[in-house]
Amino acid sequence: MDDKKIDYNLDTEGFCFLPSIFSNEQVLSARDALWDVIQGNYETGKFPENRFWEVGDDPTLIIKIDKPHICSQTVWNLITKPELGQALANITNANMIQVWHSQVVWKPLSENESGNAGWHRDAQYWPFWSQTGLFTAWVALSDVTPRSGPVRFIPGSHLWGDVKGMDFFDEITKIEIDTLDRPAKEYVYIIALLVLLLTLYSQYRYKAKNIE
């Protein structure tokens, strides 16, 4: 199924796709810049807020770094592109868009389940923010296929109540759909150079990228 052609609704499904915003050149430049940050090369001379993977760590694990935009002008320019802000404002009916956080999640070829990220909601990591007016914009910097370990969402899960025990770093994914005790089905969305907007209360995870 080509999910790019389906018009998902932010209010009912908890996520939606935005129109094409970045050129291939911008995407490739940002990808190279983020790889520099991952390798510890900081163009601006500033360190990221947090690194959950260091150079020399297991290369089959998910690489996650917080606030890479302060390390790279290229990444800064990507996430502050006016066209992105306008598109986000249009879909959320906002008068102003402000970037308060960024992170790079780099998925390598994985062994077994080492590249998995567990079911989680972004809101569980940011409890100090209001439940309204805060969204995650997910920017794909490479083509994603079913073998690439795509992001998985549960449509409508942003309307659920509290769910305990979810964890991004639970790579063996102890919490599965059947144990969430919710009337939901797991969906897989294939994303290629798109911007994905989701509420902080949507349930989603990453699957491991298969070794070819």
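The values are calculated or read from the model by the stated rules, or taken from the named source; none is laboratory data. The structure displayed is predicted, hence computed values, not measured ones. All Cβ positions, even for glycine, are placed from backbone atoms using ideal geometry, and neighbour counts span all protein chains on display.
Could you tell me which numbered condition residue 85 fails, if it satisfies all but one of (1) more than 13 Å from residue 137 (Cα to Cα); (2) touching a residue at least 12 places away in the same chain (Cβ under 8 Å); (3) not charged (D, E, K, R)? Among (1) more than 13 Å from residue 137 (Cα to Cα); (2) touching a residue at least 12 places away in the same chain (Cβ under 8 Å); (3) not charged (D, E, K, R), residue 85 violates only (1). Only a single item in (1) at pLDDT 70 or above; (2) in contact with a His (Cβ under 7 Å, 6 or more places away or on another chain) is not met by residue 168, and it is number (1).
Return yes or no: is residue 2 acidic (Asp, Glu) and either modelled with pLDDT under 90 or on the phi > 0 side of the Ramachandran plot (or both)? Answer is yes for this residue.
Any residue that is closer than 30 Å to residue 160 by Cα, surrounded by 12 or more Cβ atoms within 10 Å (Cβ to Cβ) and either out of contact with any strand residue (DSSP E or B) (no Cβ under 6 Å at 6 or more places or on another chain) or at pLDDT 90 or above (or both) - is there at least one of those in segment 36-51? Scanning segment 36-51 turns up no residue that is closer than 30 Å to residue 160 by Cα, surrounded by 12 or more Cβ atoms within 10 Å (Cβ to Cβ) and either out of contact with any strand residue (DSSP E or B) (no Cβ under 6 Å at 6 or more places or on another chain) or at pLDDT 90 or above (or both).
Scanning segment 105-118 for residues that are touching a Phe, Trp or Tyr at 6+ places or on another chain (Cβ under 9 Å) and at pLDDT 75 or above, we see that the one that is nearest to residue 83 (Cα to Cα) is 105. Taking first residues from segment 43-68 that are more than 22 Å from residue 99 (Cα to Cα) and partners that are of a type in the set (Lys, Arg) and part of a strand (DSSP E or B), the Cβ contacts under 9 Å between residues at least 6 apart in sequence or on separate chains come to 53/64.
Being in contact (Cβ under 8 Å) with a residue 12 or more places away in the chain, among the charged types (D, E, K, R), exposed (fewer than 14 other Cβ atoms within 10 Å of the Cβ) and not in a loop (DSSP other than H, G, I, E, B) is a property that residue 152 lacks.
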